[in-house]
């Protein structure tokens with residue numbers, strides 16, 4: 001049950017990442033040709049979008065993603081070290097109980 005939920009979450013995140021990558025890669029093409037001296041009157045949405053600092057928002061998002069990935073990497077490395085230490089502990093306990101030297105044959 002939890003396995004299916006986890007797979008669905010992973011699929012949704014990967015879909016969102018793919019949509020984000022595609023939306024950044026698509027060039028902005030204008031259908032109308034405007035002469036250099038003319039001024040184009042756009043819709044209110046276009047005017048509002050031009051006022052937004054999209055470069056700053058993109059840079060902030062990229063920094064956030066980078067920091068999050070670095071912190072996740074550190075957490076995974078810590079978990080790996082903890083599991084490795086626990087496994088070494090099991091290995092040394094089993095070797096002492098059986099009188100084995102702990103060497104792999």
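Full-extension gain between residue 93 and residue 54, please, as 0.36 nm times their residue separation minus the C-alpha to C-alpha distance.
Length gained between residue 93 and residue 54: 8.2 nm.
Calculated FRET efficiency, residue 7 and residue 72, Cβ-Cβ r, R0 25 Å, to nearest 0.05?
Result of the calculation: an efficiency of 0.85.
Looking at region 51-97, what % of the alpha carbon pairs are farther apart than 11 Å?
73 percent
At a 10 Å Cβ-Cβ cut-off, how would you order 1, 12, fewest neighbours first?
Fewest-to-most ranking of 1, 12: 1, 12.
We did not get these values from a lab; they are worked out from the coordinates using the rules stated. Here the structure is a predicted model, which means the values were calculated and not measured. Backbone-built Cβ (ideal geometry, glycine too); neighbour counts: all protein chains shown.
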